[in-house]
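Structure first, commentary second.
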């Protein structure tokens, strides 16, 4: 993972700021012959698009993706795919205040300290808009996975907003696309709607937990040490802005378990493939996929742009206070769901290619 | 991060298995002129060494490091430093059982499925012995940091064993080196000792949480998107075997906070540097260090090698059960403390070099 | 160097094909605070632009560059710079012939064999148009070099077309920009003009040698083994399409010299810096710059698109012949001059950053 | 290619100096299941070993390789392979002279200027001893190629020493292993023997040209732009110490050809595979292998350590002269033959894996 690139063989470099003319993803290493159109990718972008409901930012962006290279007659050619999204909603506005003041919880101050220059008109590279490029790249990755490993399904959903967690007993896969929070617990969705209404009115925001699952993966993806599947997933999720924690399987709760409780027992399934009594491991043992669901979870911190007065300083070091007005999400975690899915797709594809490169087919049969 | 390498400019490649002749770290990109001796590195290895107390594995390894290259007359030359540790305690033993059976919770089954070959005499690359190489590399990184950014302090400690967490009100920095658990809470250390005694007798194991702090870092380390300081820390920690979750600052708990509670307010300190009202961010905003303590936390799952009978299958797919005898840790998290410190040191050094490379000195003064 | 990326810290990824909507360069790792505008970059692109004189392809392209990201108020921000060039001259034309037949000397056949898909409307990624993206990136690199190491001058020129070499005794630096061949030998320019006229009329083409020099570099850039300055220069030049050989200093002729003749003797200059009796080494010893001129030379093969009938096969394996009509260069080497300069600029900047990253300032004073 | 690493998926990092305890190669990304022993690798090392005949350095080194990791029961496991060679012949000797004086043509002065520290007891990293590690890695690469692409043959030989070139009409493949110069021209071998005798007596040295051929490669290896097969070969060969020029196929001579002469015509062979009228391209079109012989050529400069008095300066900047005594090669190019073969093997294997990773099987059939 270089400064603005991730992936080993399927390499995604994103570029662009929230208030420049465009942003996008330069995708290198995609296999040739993958059927792809702008519409296929647009489908995934539309899920992330702001302004879709009252729980997300009201900035209106078409987020229309254009494929500028690497695709010929509806198929990838194996050369770099350029996915560009133009910024259309750049309302003229007075930025004088945030040009001088550092917004607490934002990257304003650290960017300034590091680079000595900063596009104060928005979050620059740390804007949530950057994640549109990831979602576009993820759409391409999904199409490639379908070619290489048909049957793999990647799905993200919310499991917590603030103090309010879902009830796993009410987990209903079919509910995920039926509510604005992509949550599998329909009752939680109702409760969250009320909670967020209150929060928005009070000008506050809240954090969230997103879980992303990859189903139907073959065993054998990953590597034992640094190229672990979980290492790359952790990096991928932590690289999303506002993410502060990443878990695989049991995650932090693994610390509370005994070895007896934690180790998933192994049996032979009816189809001659190993099955497990449970999935504490989150589908990964020793850095390598087991064939179970790969389960990743990450925490998104609350948006720092709130209507509450906060103490801060100016660029010249004077004490002041700030209220961040503007079009912001009360719970930026909602829009992180399609982003987490996209990152999962990119990592999975990368490891499918890596495995094929080093090993070819899986080598160790059981039974 | 390549398959067995991590780091951008300070690049560490570890090699070796638990039961081969040796293991080590090939370290590329170390600055020249860093004062280093085998003794300096040995100091850190001795902290990780097994068999030091009854709470860690009784395997006896000298873990003596040899510097084979890259150092001349007590200073690094800027060329690759080879740090080799010979394996000395390879008791002859009957491995017949684990050669055929997959141990639940271990990488045995996934290695076999991926590679079709497996050094069944130990965990191979997934053995905790691999972490000795990381600690050696971390010792070198610490020495280089001292040259580049004197005053930086890196310290790890345990905050939880199983259900037993420390009490932050009893946090005493000076206690960390005074107990076998490297915990800042002396009362917790006593409680944990009893708890682990019972656990060992019953042949069980338990997970743990380790926290690593870097103090005295300059502001400006990291990058906005994929090369975020937190991304690299998350990858570094998740790449340690048995780690299942990684947190920065508030970590997963950030999901439960409101924006008002979470965003650290900014003030000017007496020394003309910004200070913050709190450190929910864990010292990193927008991927870049703020100058506050950088705080990382990770969960280590319980050792899967336990004296309890577990169901599993053989390589030929037959159902069987297994009890893993041998020299194992009831809480492998204890020995993960120096490993986490080493990874922190390597990541910090790497980002000091990256920042100097791209930016030189910090460019944005405040005040 | 990844599939479509080169550079360690200053990383350039080019994308786009000759007949797609656009092509460009995604440039990561540029230092912040570099003054840059589209006009600055356009200056270099205009030198490479086709259709400028009768010795280069008559395809008419504006080759107008747009900066889509990474620059704010006339300065780089330290985040990725996207440099996009739209393709405007895509005349509708019957491609039926070259869609089916493989042109000898072109990449048509190998692309097909590798990928099973090919944009037959032009050379795709292997089109000389790809080099426009390199020239744009090189323009940015030049601006950054000016900030980091003022006084460095990078200049390319032709030393040979076919059998016709320049006479080094007539080498006149001021002539380089005064003729359509960028050659320092004014008499050669006249001779070449006649020669190429005849060649174009006969529908043939010819190869060339380009030399690129970097003056005023500090000593100490590069590394001893794989990260050698000459290794990166060789890769950079060989990565240009149609290049078949690369030389540093004496190059292939070094094979004919004795040690006595080859080793440049060392003296102290009046300014307290070492000077050398000669520059057989091309400014690089042991992979590291000496402070003398860095001299790289590369051979460009003749354009394979010629009006001569050549034997070939079709995609279905039938024998046929082909004459490649169209807008092509009799000597593609001419337009390779600004491309070679651009690659030199990118490599030099990358090594300036790498050196600063690992070492900081030079450490070994003489005298 | 990082500072001391080359390769994308098959990654080789060499370490060690000429006068340290050991040197070696850390090889990451080797496929699992490759049959390999120390003896297999030793076979290739013995070809490079110094002191074998009077035309190479008389330093006596066993150059015995040890496999420290990554191999279990005679097969690679897919984890890093550590290949270590201990330095045994480090005669005690007075280095006072070369500790203070910079040897012309050597890296002494640039190392000092860059790093401010230098192992003056030998060339340090720039010693030809470093190439032993490459040859060891190449031995492993050859074994892996045999598994992946049986029938590939890699062979290097000398085509020139100083002014004396081979006669291609006398090219006899079977002669290559029959003379101390690995040259296919038996008459040249005789002439060279006399020539080098005289040169050694006079204390002088001379350059050479080495050609390396890979036969039996499949079409489709490489990539169109920066990941070109020829780019990686150029970098690989230029990274060998003392190499000053690299050519593919016609190489620099391509500049002298017309398009009509240069483009290899295409026909269908009897086995349904394309054949070519000639191989000016050196087996690579558009960066991708054609299936013909891949032909690389490189020039090695004369050893700079000669018994002739040369002017130089000391570390304190005083003018002086120097005669480099010691055990040195009159023509270091001879020992570069197995090194060039090793680099070819590593690059070929890397591209076999890369192709399999991104594309799988070749996709475009002809006929």
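The values are calculated or read from the model by the stated rules, or taken from the named source; none is laboratory data. Worth saying up front: this structure is predicted, and the values here are computed from it rather than measured. Because the Cβ atoms are built from the backbone with ideal geometry, glycine has one as well, and the counts that use them run over all protein chains shown.
Structure notes:
- Test result for residue C:108, without any contact (Cβ under 8 Å) to a residue 40 or more places away in the chain and either closer than 23 Å to residue A:75 by Cβ or within 14 Å of chain D (Cβ to nearest Cβ) (or both): yes
- Residues (touching a helix residue (DSSP H, G or I) at 6+ places or on another chain (Cβ under 6 Å) and more than 10 Å from chain A (Cβ to nearest Cβ)) located in segment B:111-130: B:120
- Filtered residue count, segment B:242-270, keeping only those that are within 7 Å of chain A (Cβ to nearest Cβ) and touching a helix residue (DSSP H, G or I) at 6+ places or on another chain (Cβ under 8 Å): 13
- Of everything listed in (1) outside any helix (DSSP H, G or I); (2) more than 7 Å from every other protein chain (Cβ to nearest Cβ); (3) farther than 30 Å from residue D:365 by Cα, the single unmet condition for residue C:299 is (2).
- Criterion violated by residue C:150 - all others in (1) in a helix (DSSP H, G or I); (2) free of Cβ contacts under 8 Å to residues at least 60 places away in the same chain; (3) within 30 Å of residue B:361 (Cβ to Cβ) satisfied: (1)
- Matching residues, segment A:61-92, being in contact with a helix residue (DSSP H, G or I) (Cβ under 7 Å, 6 or more places away or on another chain), in a strand (DSSP E or B) and more than 8 Å from chain C (Cβ to nearest Cβ): A:65, A:67, A:83, A:85
- When B:310, B:335, B:363 are checked against the criterion of being over 26 Å from the mean Cα position of the chain (by Cα) and under 30 Å from residue B:98 (Cα atoms), B:310 stands alone in meeting it.
- Checked against the criteria, residue B:298 counts as modelled with pLDDT of 95 or more and touching a helix residue (DSSP H, G or I) at 6+ places or on another chain (Cβ under 8 Å).
- Within the set B:236, B:214, B:186, the sole residue that is buried (at least 24 other Cβ atoms within 10 Å of the Cβ) and out of contact with any strand residue (DSSP E or B) (no Cβ under 6 Å at 6 or more places or on another chain) turns out to be B:236.
- Qualifying residue in segment B:282-289 (condition: in a helix (DSSP H, G or I), farther than 21 Å from residue B:99 by Cα and touching a helix residue (DSSP H, G or I) at 6+ places or on another chain (Cβ under 8 Å)): no
- Some residue of segment D:93-101 being buried (at least 17 other Cβ atoms within 10 Å of the Cβ), under 21 Å from residue C:289 (Cβ atoms) and modelled with pLDDT of 90 or more: yes
- The set of residues in segment B:172-183 being part of a loop (DSSP other than H, G, I, E, B), surrounded by 15 or more Cβ atoms within 10 Å (Cβ to Cβ) and more than 18 Å from the chain's Cα centre (by Cα) consists of B:179 alone.
- Test: residue in segment D:153-167 that is touching a helix residue (DSSP H, G or I) at 6+ places or on another chain (Cβ under 8 Å), within 7 Å of another protein chain (Cβ to nearest Cβ), in a loop (DSSP other than H, G, I, E, B) and farther than 18 Å from residue D:84 by Cβ: yes
- In segment C:142-162, the qualifying residues are those that are touching a strand residue (DSSP E or B) at 6+ places or on another chain (Cβ under 8 Å) and farther than 20 Å from residue C:47 by Cα, and the one that is surrounded by the fewest Cβ atoms within 10 Å (Cβ to Cβ) is C:147.
- Filtered residues of segment D:24-47 (kept if out of contact with any helix residue (DSSP H, G or I) (no Cβ under 8 Å at 6 or more places or on another chain) and not in a helix (DSSP H, G or I)): D:26, D:28, D:37
- Taken over segment A:203-246, the criterion of being closer than 30 Å to residue A:54 by Cβ and free of Cβ contacts under 8 Å to residues at least 60 places away in the same chain is satisfied by A:244, A:245, A:246.
- Top-ranked residue in segment B:194-211 [being over 20 Å from residue B:305 (Cα atoms) and more than 11 Å from chain A (Cβ to nearest Cβ); ranked as farthest from the chain's Cα centre (by Cα)]: B:194
- Subset of segment A:6-21 (residues that are at the interface with chain C (Cβ under 7 Å from one of its Cβ atoms), in a loop (DSSP other than H, G, I, E, B) and crowded, with 24+ Cβ neighbours inside 10 Å): A:17, A:20
- Count - residues of segment A:250-281 that are touching a residue at least 40 places away in the same chain (Cβ under 8 Å) and either closer than 23 Å to residue A:234 by Cα or in a strand (DSSP E or B) (or both): 3
Conditions tested, residue by residue: (1) modelled with pLDDT of 95 or more; (2) surrounded by 24 or more Cβ atoms within 10 Å (Cβ to Cβ); (3) at the interface with another protein chain (Cβ under 8 Å from one of its Cβ atoms).
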residue: A:272; (1), (2), (3): no, no, yes
residue: A:279; (1), (2), (3): yes, no, no
residue: A:290; (1), (2), (3): yes, yes, yes
residue: A:294; (1), (2), (3): yes, yes, no
residue: A:309; (1), (2), (3): no, no, no
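- Residue D:177 meets the stated requirement of being more than 9 Å from chain C (Cβ to nearest Cβ) and over 28 Å from residue D:125 (Cα atoms).
- Hits in segment B:311-348 - residues which are in contact with a strand residue (DSSP E or B) (Cβ under 7 Å, 6 or more places away or on another chain), facing chain A (nearest Cβ under 8 Å) and in contact (Cβ under 8 Å) with a residue 60 or more places away in the chain: B:311, B:312, B:313, B:333
- Of the residues making up segment A:212-240, those that are in a loop (DSSP other than H, G, I, E, B), more than 7 Å from chain B (Cβ to nearest Cβ) and at negative phi are A:217, A:218, A:221, A:240.
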